[in-house]
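Below you'll find the structure, written out as structure tokens, and then a few comments.
The values are calculated or read from the model by the stated rules, or taken from the named source; none is laboratory data. The model shown is predicted, which means the values in this text are computed figures rather than measured ones. FYI the Cβ positions are ideal-geometry reconstructions off the backbone, even for glycines, and counts take in every protein chain you see. These accessible areas exclude ligands, DNA and RNA; they are computed on the full protein's heavy atoms, side chains included. Shrake-Rupley method; radii C 1.70, N 1.55, O 1.52, S 1.80 Å.
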Protein chains: 2
Amino acid sequence: MKRPHRVTIDRVAAESRVSRQTVSNVLNYPERVAPDTLRRVRLAIERLGYQPDRSARTMVRRRAGQVGYCLSPNSTGFMDDFLRALCAAVEASGSHLLLFTAPEGEAGLAVYADLIAQRAVDGFVCAHVVDDDPRPAWLHERGVPFAMFGRTWSSGPRPGPQPGPWVDVDGAGAAAALVAGLRELGHSRIAFLDWAGATGAMLDRGRGCAEACRAAGLPPPLAVRAEEYDSASAERAVRAALAAEDAPTAVVAASDILAVGAVHAAYAAGLRVGEDLAVTGFDDSVVAPLCPPGLTSVRQPVEVITAALVERLRDQDAGGLLVQGEVVVRLSAPIATR
Amino acid sequence: MKRPHRVTIDRVAAESRVSRQTVSNVLNYPERVAPDTLRRVRLAIERLGYQPDRSARTMVRRRAGQVGYCLSPNSTGFMDDFLRALCAAVEASGSHLLLFTAPEGEAGLAVYADLIAQRAVDGFVCAHVVDDDPRPAWLHERGVPFAMFGRTWSSGPRPGPQPGPWVDVDGAGAAAALVAGLRELGHSRIAFLDWAGATGAMLDRGRGCAEACRAAGLPPPLAVRAEEYDSASAERAVRAALAAEDAPTAVVAASDILAVGAVHAAYAAGLRVGEDLAVTGFDDSVVAPLCPPGLTSVRQPVEVITAALVERLRDQDAGGLLVQGEVVVRLSAPIATR
């Protein structure tokens, strides 16, 4: 049997009387090559039956002009604003946003692998980070550009090791700012409301709350924990806390959804929200202005976040960026902003 | 000067000893062509300098494998669910969803034109329909596959002429179902709440409400109109209506956002929501379950809608489809479902 002779990029370059780089450009950036040269090199490629090998193609492949973003199976009002800002930021960088669905965790990696194999995207922006999220390590290993919105946590309030760039909001810092504001309003008995399956990001907010109480000489925050992640569950947990002897006068909730439950519990107990019981949320989602009397919450500055994510797609060595959240004051906790 | 000789697809076919269809396949579906034939035809194309003309390319162009969807500059909680369902439906049909941003109305058409010119998409799913929306006629004229979520209205409660396929929820029918349920609860003084800039879709809901009142022998619905499209504006309008002599006992709001304002107004007037004042919304958005005591609303069946939209992308002659909304009963209007 005749052993097939492997045609190299140098052979194509010699045959078409151009440099190796020009052949690479023909394959990957044809728009950079003069039409005559383009035709000559393509003819040589066809004539010789040249096939660029996998690694060479990966290194210098043609841009897809698209960035992949996975929609979470779990909805929150906040991600609507994030997605719009991300889409605009990606477009401002000259690419389009390709939306896809995938399961969370390991099970979703096959979908990422498929998009990479199809060359449908040049990289990924990943949000909806789960504890021990496998994506940063997996993408980093494969040399696929990506940027995470959120740190990965290892089932606890401390971020684990995470290769590649990320952008996140400083949840602990924002919680501390809320506690400082509540203290100025005269509150000393503060509860932190989360739920049984709280993510690392939520626990980080609780840590910030606890540290701020300690720093201010207040008793440690009362831990109030909903069984499920919904307002009804949160309402039950806060009702119980309000009925206890050392009932809190302020509730710092780990999210708006949970805060709405605290507001319902206050109404049910005949308390005036913002006066008898102060309530704060997180995320400044669509429900925050709608929940009577208006929910004080922490806004994620989506324009800053998405611009930083897109910048990091290009600069994989840019590292992490912790962004300050913005406290949006409404009547549920009329704290003073600085 | 020498007049350039136009190379035709037939000339390429003759030169490479294949049929016209095979040349077309090489250009548009190379995966269907045997490697040897592919190489031979491509060589002929390069040698002759063949350039497929615009209309031929449009007719038999290679699939982009992507469907375009424009994010609205206006957020509602409902569209989050819609987008997730649309993404899944498009993926189930073997394509990806390309997300983009564009201004509403005529100003946005340039973005659509650019995506078509780039061949980034095979077609569009369009939502966030505005009155006199130019997109159906514009896309239809260009032979670009599309499907509208929503009918276009001409500044009034009747749909205007609209080429191409669409899917919409029967707003008038759903409003009539709400009125029937409220009447069974003993309400006869019903208000319809919309706002000064109400879209045709909202006016359609009002029309359904009025027709149901007439059919049931009730007085015509009291028209309550917010100045702006937000809950605070709606609250002011409903407060005024509640203070008037013929105050309504039930408010059918054209959206959840407006309904939340009616709930606030009831609380402010010391009324029990669901007992003294019944309130219903539209869209069953994320705020509906969160707004105390839980807002009765009309759910848009997003899975049915998105499946029908994707089906219509393939079958441009499928026409319109009016889908029934589903009344989701909560405590703000404890009506009986059938």
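Filtering region A:313-338 to residues that are over 22 Å from A:Ala201 (Cβ atoms), surrounded by fewer than 16 Cβ atoms within 10 Å (Cβ to Cβ) and of a type in the set (S, T, N, Q) leaves only A:Thr337.
The set of residues in region B:170-187 that are open to solvent by less than 10 Å² (accessible area, probe 1.4 Å) and either within 12 Å of B:Pro221 (Cα to Cα) or over 22 Å from the mean Cα position of the chain (by Cα) (or both) comprises B:Ala175, B:Leu178, B:Val179, B:Gly181, B:Leu182. Within region A:283-301, the set of residues being in contact with a helix residue (DSSP H, G or I) (Cβ under 6 Å, 6 or more places away or on another chain) and within 11 Å of another protein chain (Cβ to nearest Cβ) comprises A:Ser285, A:Val286, A:Val287, A:Ala288, A:Leu290, A:Cys291, A:Pro292, A:Leu295. Examine region A:24-36 for a residue that is assigned to a loop (DSSP other than H, G, I, E, B), open to solvent by 50 Å² or more (accessible area, probe 1.4 Å), within 13 Å of another protein chain (Cβ to nearest Cβ) and modelled with pLDDT under 80, and state whether such a residue exists. So far as region A:24-36 goes, no, none of its residues is assigned to a loop (DSSP other than H, G, I, E, B), open to solvent by 50 Å² or more (accessible area, probe 1.4 Å), within 13 Å of another protein chain (Cβ to nearest Cβ) and modelled with pLDDT under 80. Within region B:237-249, the set of residues being open to solvent by 60 Å² or more (accessible area, probe 1.4 Å) and within 14 Å of chain A (Cβ to nearest Cβ) comprises just one member, B:Arg239. Where residues in region B:278-294 are touching a strand residue (DSSP E or B) at 6+ places or on another chain (Cβ under 7 Å) and at negative phi, which of them is surrounded by the most Cβ atoms within 10 Å (Cβ to Cβ)? Per the stated criteria, the residue is B:Thr280.
Only one of A:Val298, A:Val251 is closer than 19 Å to A:Leu203 by Cβ, modelled with pLDDT of 95 or more, in a strand (DSSP E or B) and in contact with an Asp or Glu (Cβ under 9 Å, 6 or more places away or on another chain). Can you tell me which? None of the others qualify; the one that does is A:Val298.
May I ask you to verify whether B:Val179 is of a type in the set (A, V, I, L, M, F, W, C) and more than 23 Å from B:Asp284 (Cα to Cα)? Against the criterion (of a type in the set (A, V, I, L, M, F, W, C) and more than 23 Å from B:Asp284 (Cα to Cα)), B:Val179 does not qualify.
Could you go through region B:307-318 and let me know if any residue there is assigned to a loop (DSSP other than H, G, I, E, B) and within 14 Å of chain A (Cβ to nearest Cβ). So far as region B:307-318 goes, no, none of its residues is assigned to a loop (DSSP other than H, G, I, E, B) and within 14 Å of chain A (Cβ to nearest Cβ). If you go through region A:181-197 and pick out every residue that is aliphatic (A, V, I, L, M), farther than 19 Å from A:Ala241 by Cα and free of Cβ contacts under 8 Å to residues at least 60 places away in the same chain, you end up with 0.
Within the span defined as region B:303-312, one or more residues are under 20 Å from B:Thr337 (Cβ atoms), in contact with a helix residue (DSSP H, G or I) (Cβ under 8 Å, 6 or more places away or on another chain) and either open to solvent by 10 Å² or more (accessible area, probe 1.4 Å) or of a type in the set (S, T, N, Q) (or both). Being touching a strand residue (DSSP E or B) at 6+ places or on another chain (Cβ under 8 Å) and surrounded by fewer than 18 Cβ atoms within 10 Å (Cβ to Cβ) is the filter here, so list the residues in region A:250-268 that pass it. Scanning region A:250-268 gives a single hit, A:Tyr267.
Which ones in region B:97-127 are touching a strand residue (DSSP E or B) at 6+ places or on another chain (Cβ under 7 Å), open to solvent by 30 Å² or more (accessible area, probe 1.4 Å) and closer than 22 Å to A:Phe82 by Cα? Passing the criteria: B:Thr101, B:Val111. Return a yes/no flag: does region A:324-338 have any residue that is in contact (Cβ under 8 Å) with a residue 24 or more places away in the chain, part of a loop (DSSP other than H, G, I, E, B) and over 20 Å from A:Leu182 (Cβ atoms). Scanning region A:324-338, I find no residue that is in contact (Cβ under 8 Å) with a residue 24 or more places away in the chain, part of a loop (DSSP other than H, G, I, E, B) and over 20 Å from A:Leu182 (Cβ atoms), so the answer is no.
Annotation: of all residues in region B:59-88 being more than 10 Å from chain A (Cβ to nearest Cβ) and open to solvent by 20 Å² or more (accessible area, probe 1.4 Å), the one that is modelled with the lowest pLDDT is B:Met59. What are the residues in region A:254-295 that are part of a loop (DSSP other than H, G, I, E, B), among the small types (Gly, Ala, Ser), more than 17 Å from B:Gly270 (Cα to Cα) and more than 28 Å from the chain's Cα centre (by Cα), if any? If the condition is that a residue be part of a loop (DSSP other than H, G, I, E, B), among the small types (Gly, Ala, Ser), more than 17 Å from B:Gly270 (Cα to Cα) and more than 28 Å from the chain's Cα centre (by Cα), then A:Gly274 is the only one that fits. What single numbered condition from (1) modelled with pLDDT under 90; (2) on the phi < 0 side of the Ramachandran plot; (3) within 13 Å of another protein chain (Cβ to nearest Cβ) fails to hold for A:His128? Against the list (1) modelled with pLDDT under 90; (2) on the phi < 0 side of the Ramachandran plot; (3) within 13 Å of another protein chain (Cβ to nearest Cβ), A:His128 comes up short only on (2).
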